[in-house]
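To keep things clear, I will list the structure first and then write my remarks on it.
The values are calculated or read from the model by the stated rules, or taken from the named source; none is laboratory data. Please read these numbers as outputs of a predicted model, since none were measured by experiment. Virtual Cβ from ideal backbone geometry, glycine too; neighbours counted across all protein chains shown.
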2 protein chains.
Amino acid sequence: MQTPLYRRAPVSLAPVNDEARIRAASLLAVDMARYLEGVGDLAYMNQALESLEPPKRAQVFGYLPLARQAALVKALPPPALGELLQALAADERADLLNHVDEALRQRLLPALAQAERDDVLRLCSYQEGTAGALMTSEYSWLPAQLSAAEAIGVLRGQAGEAETIYQNYILDGERRLLGTLSLRQLILAPEAEALENLMVTPVVHARVDTPAEEVARLISDYDLLALPIVDAQARLVGIVTCDDAMDVVVEHATEDFHKGASIAQHIGNLKTASVSLLYRKRVFWLVLLVFGNLFSGAGIAAFEDVIASNIALVFFLPLLVDSGGNAGAQSATLMVRALATGEVVLRDWLGLLRRECAVALALGCTMALAVSTLGLVRGGTDIAVIVASSMLVIVLVGSLIGMSLPFAFSRLKLDPATASGPLITSIADAAGVLVYFGIASQVLEL
Amino acid sequence: MQTPLYRRAPVSLAPVNDEARIRAASLLAVDMARYLEGVGDLAYMNQALESLEPPKRAQVFGYLPLARQAALVKALPPPALGELLQALAADERADLLNHVDEALRQRLLPALAQAERDDVLRLCSYQEGTAGALMTSEYSWLPAQLSAAEAIGVLRGQAGEAETIYQNYILDGERRLLGTLSLRQLILAPEAEALENLMVTPVVHARVDTPAEEVARLISDYDLLALPIVDAQARLVGIVTCDDAMDVVVEHATEDFHKGASIAQHIGNLKTASVSLLYRKRVFWLVLLVFGNLFSGAGIAAFEDVIASNIALVFFLPLLVDSGGNAGAQSATLMVRALATGEVVLRDWLGLLRRECAVALALGCTMALAVSTLGLVRGGTDIAVIVASSMLVIVLVGSLIGMSLPFAFSRLKLDPATASGPLITSIADAAGVLVYFGIASQVLEL
């Protein structure tokens, strides 16, 4: 048999790694886009793209970063521009148009046919971060009156255009969503049966103004290939596919990670981020927290006499205040993530608070035991009593602040992820200073 | 027309919220499982499951938590047990078997037919966290010699069993993976064309021992519906579908979040986690960090004379050491997340280090400026010089520790996410104490 290439291909590819992906660059659009982006030369990119068939060219182009796409289309003459834009997926076309400046936008729009122009302007009109901005208008739909056999014929015609033909939507005369039918169900159905007797209802769906994260959660919870999006009149206007939902999940998790370390969101790709961008995204919270830490300073200033009379107390200061911050950061992170994944909702607060008290008490006792020995060694019984009881109170207070703050932010319609480790640490520090020196001044004066 | 129910259904459901999901409980397996889990009564659950058709019953059962599944099968008589296990998806069957104790396992296995028993034992044999443990054996495959029309006929027969028939794998006589063909490509193809001329090669795939996160990343990068998994001999043994990949992404992000706050992984569902589980997952790092903070204490003890001679220095202590920790936590989080998503790899370290120096210098200068005014107000020129220069050095040191530690862990084959905020804070604290009092003793003694 003369089929050595594809017979050997999977074997030579395994295990899949960077090298293997580049070797496959001539075949897979994602890899080709990555390869071109790695080369980074605009003229070379244009040449490489030109050498491809239009559908493949549009695929590769769609995988390039938006800034690169904008630079590439700037250089294209009108006929090639029209061909490329026409071949792009509707949602990618809208993303590109949203990204370019007004002048380029005015050049791109006339390159599209009237229908595509109306479509892309509609897609562009939805607010960033909503289902409308995420969806594509290239879904496959079927009128309810068709038979299964007729429907398969219609799908054959739509297969070239639609983003997916595996999940089909059954619409009435006003394009309202009646039901859904997968291609699998369709090919298993009796050929003469009408779709309205085959379709599955109700349909899990979202509205154009549903937040992107909620869309991703629905797709994940219901294991969907695509989620239909309807307008205020319940008319189908688009679908969000599961690969786009996966991107939302990853981006949203990254944003929450960054917020958790007090970094303003939207860094983009870390590897290509500029020094000035990184500076701007990090400086705000750092400076703000410096001023937040003044409360700890003020607490210390208030107890300067206590400290001066027993300088050994300073030895335990970082250890005690950090423990409060650490316990608080743990609680806050557990809550922030559980709120983000929907495991926990606002009304669970009271029940979780009770459990948090029990956990924090157990943690506080363990850590008090650990530091009391240190206190004995370094300063005698008095110091041991002071550091042990301070530790217990500080861990308890830190944990309760840490678990409550995300709920408080959420209640105030702020992002719970803002309850970051550094913020909790600053608050717990101030509380820790007061608790520690407060207890010390009591014990030492008695 | 007498079709009011499904005509109205989407309208009455929008916007999708908890209430709407429960209203749909009678129809969608996910919702039914959630509803039953909410009720929580085993007898009621068994009754509800019995009232369903076997395929639907298996679907609902598959969405229940594993502990609940184990409790339910324990109560089932052998014939019902066999029927349920037979109807379950192969990967869900394997997950259940991996979760139950040996006694129950010995009761479950005989309830399966020989073929299913072999299959589930094979799926169970792969290590947790690998492609093998994640995959299902119910993929649809086609011999290369078939024509497009024949292939569609074969798929019609597999449609009831396979997890997805939308992505099909073309195998040779030894079940080695030759190529892939989507159902879309198949129905668009000329009916008489042979699959070996239609199929797409090479196929993006993974091996049974590929880590689950790498599998999820491949599915996300290549926008796949399913990823084929091959054994060491390049034979197809299973597929991982995109919905399972999405679960991996969410779980992995949660684990990294928890590690970022020094929580040992695998808390499971936070809402139902017990006090003792939470205590155990949190106490280890908290106590370890207490001892880590002894270095800061030792630093302070070494400079007790400096502190005693100028007690105002303590005012700035939390502010300065926290700033180093905060800047370090920002850098560490950016790196941990970029390493986790694959944006950045080990060899990028040197290039990123150079940029980090520039960013940290800019941040340090800004923050030095901010604290120097505070220093002037509270302690005069000497103190202003000390706190400003300390701040600059501390932010620089903290940032460099924060950005390097994840790389160092990664280099040592440890999880970079272990470079958590609290760990960085402890290290930055100790460094901060030395820098601050070191500079102070120099300036004040001159």
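Number of residues in segment A:154-173 that are touching a residue at least 24 places away in the same chain (Cβ under 8 Å), within 19 Å of A:MET135 (Cβ to Cβ) and not hydroxyl-bearing (Ser, Thr, Tyr) equals 7.
Taking segment A:311-347 on its own, how many of its residues are among the polar types (S, T, N, Q) and closer than 17 Å to B:LEU294 by Cα? Even if it seems obvious, please write down each step before you answer.
Here is the first cut: in segment A:311-347, the ones among the polar types (S, T, N, Q) are A:323, A:326, A:330-331, A:333, A:341.
Imposing the further condition that a residue be closer than 17 Å to B:LEU294 by Cα reduces the set to A:323, A:326.
Going through segment A:311-347 one residue at a time, the tally reaches 2.
Candidates are the residues of segment B:144-189 that are in contact with an Asp or Glu (Cβ under 8 Å, 6 or more places away or on another chain) and surrounded by fewer than 16 Cβ atoms within 10 Å (Cβ to Cβ); the one that is farthest from the other protein chains (Cβ to nearest Cβ) is B:ALA149. A:ILE152 meets all of the listed conditions (1) of a type in the set (A, V, I, L, M, F, W, C); (2) modelled with pLDDT under 90; (3) more than 23 Å from A:VAL215 (Cα to Cα); (4) touching a strand residue (DSSP E or B) at 6+ places or on another chain (Cβ under 8 Å) but one, namely (4). Every listed requirement among (1) assigned to a helix (DSSP H, G or I); (2) away from every other protein chain (no Cβ under 13 Å); (3) of a type outside the set (A, V, I, L, M) is met by B:GLN127 save one, (1). Among the residues of segment A:404-426, none is identified as crowded, with 24+ Cβ neighbours inside 10 Å and at pLDDT 90 or above.
When you check B:GLN233 against the structure, is it more than 8 Å from chain A (Cβ to nearest Cβ) and part of a helix (DSSP H, G or I), yes or no? No, not satisfied.
Go through segment B:130-170 and give me each residue that's among the hydrophobic types (A, V, I, L, M, F, W, C) and not in a helix (DSSP H, G or I). Can you show your working first?
Taking segment B:130-170 as the starting set, the residues that turn out to be among the hydrophobic types (A, V, I, L, M, F, W, C) are B:131, B:133-135, B:141-142, B:144, B:146, B:148-149, B:151-152, B:154-155, B:159, B:162, B:165, B:170.
Correct list: B:MET135, B:TRP141, B:LEU142, B:ALA144, B:LEU146, B:ALA159, B:ALA162, B:ILE165, B:ILE170.
Exactly one residue out of B:VAL283, B:VAL336 is among the aliphatic types (A, V, I, L, M) and either out of contact with any Pro (no Cβ under 7 Å at 6 or more places or on another chain) or not assigned by TED's automatic domain parsing to the domain that holds B:VAL385 (or both), and it is B:VAL283.
Hey, does segment B:98-116 have a residue that's within 21 Å of B:PRO211 (Cα to Cα) and in a helix (DSSP H, G or I)?
In the first step, residues of segment B:98-116 are kept if they are within 21 Å of B:PRO211 (Cα to Cα); the result is B:98-99.
Restricting the remaining residues to those that are in a helix (DSSP H, G or I) gives B:98-99.
Scanning segment B:98-116, I find at least one residue that is within 21 Å of B:PRO211 (Cα to Cα) and in a helix (DSSP H, G or I), so the answer is yes.
Residues in segment B:280-297 that are more than 8 Å from every other protein chain (Cβ to nearest Cβ), hydrophobic (A, V, I, L, M, F, W, C) and either touching a helix residue (DSSP H, G or I) at 6+ places or on another chain (Cβ under 6 Å) or farther than 20 Å from B:THR418 by Cβ (or both): B:PHE295 only.
Identify all residues within segment B:298-316 that are at the interface with another protein chain (Cβ under 7 Å from one of its Cβ atoms) and either touching a residue at least 60 places away in the same chain (Cβ under 8 Å) or surrounded by fewer than 22 Cβ atoms within 10 Å (Cβ to Cβ) (or both); write none if there are none. Steps first, please.
Here is the first cut: in segment B:298-316, the residues at the interface with another protein chain (Cβ under 7 Å from one of its Cβ atoms) are B:300-301, B:304, B:307-308, B:311, B:314-316.
Listed by number, the residues that qualify are B:ILE300, B:ALA301, B:GLU304, B:ILE307, B:ALA308, B:ILE311, B:PHE315, B:PHE316.
So, in segment B:368-384, of the ones that are among the hydroxyl-bearing types (Ser, Thr, Tyr) and within 20 Å of B:GLY324 (Cβ to Cβ), which residue ends up surrounded by the most Cβ atoms within 10 Å (Cβ to Cβ)?
Out of the qualifying residues, it is B:SER372.
With in contact (Cβ under 8 Å) with a residue 60 or more places away in the chain and surrounded by fewer than 24 Cβ atoms within 10 Å (Cβ to Cβ) as the only criterion, which of B:ALA440, B:ALA430 stands out?
Only one candidate qualifies: B:ALA430.
Tally up the residues in segment B:407-422 that are over 18 Å from B:VAL395 (Cβ atoms) and part of a helix (DSSP H, G or I), please. Lay out the reasoning, then the answer.
Residues of segment B:407-422 over 18 Å from B:VAL395 (Cβ atoms): B:407-418, B:420, B:422.
Now narrow it down to the ones that are part of a helix (DSSP H, G or I): B:407-411, B:416-418, B:422.
Count: 9.
Assessment of segment B:286-295 against the conditions (in contact (Cβ under 8 Å) with a residue 40 or more places away in the chain and in contact with a Gly (Cβ under 9 Å, 6 or more places away or on another chain)) yields no matching residue.
Evaluate segment B:405-424: report whether one residue or more is over 29 Å from B:THR254 (Cα atoms), more than 10 Å from every other protein chain (Cβ to nearest Cβ) and not charged (D, E, K, R).
No, that holds for no residue.
Select from segment A:342-396 the residues that are among the hydroxyl-bearing types (Ser, Thr, Tyr) and free of Cβ contacts under 8 Å to residues at least 40 places away in the same chain and write down the one among them that is farthest from the other protein chains (Cβ to nearest Cβ). Working first, answer last.
At the first step, the residues of segment A:342-396 found to be among the hydroxyl-bearing types (Ser, Thr, Tyr) are A:366, A:372-373, A:381, A:389-390.
Keeping just the survivors that are free of Cβ contacts under 8 Å to residues at least 40 places away in the same chain gives A:366, A:372-373, A:381.
Values: A:THR366: 6, A:SER372: 11, A:THR373: 11, A:THR381: 19 Å.
Filtering first and then ranking leaves A:THR381.
Between B:VAL237, B:VAL200, the distinction of being at pLDDT 90 or above and either surrounded by fewer than 20 Cβ atoms within 10 Å (Cβ to Cβ) or within 21 Å of B:LEU171 (Cβ to Cβ) (or both) belongs to B:VAL237 only.
Could you tell me how many of the residues in segment A:35-63 are surrounded by fewer than 17 Cβ atoms within 10 Å (Cβ to Cβ), assigned to a helix (DSSP H, G or I) and charged (D, E, K, R)? Counting residues in segment A:35-63 that are surrounded by fewer than 17 Cβ atoms within 10 Å (Cβ to Cβ), assigned to a helix (DSSP H, G or I) and charged (D, E, K, R) gives 3.
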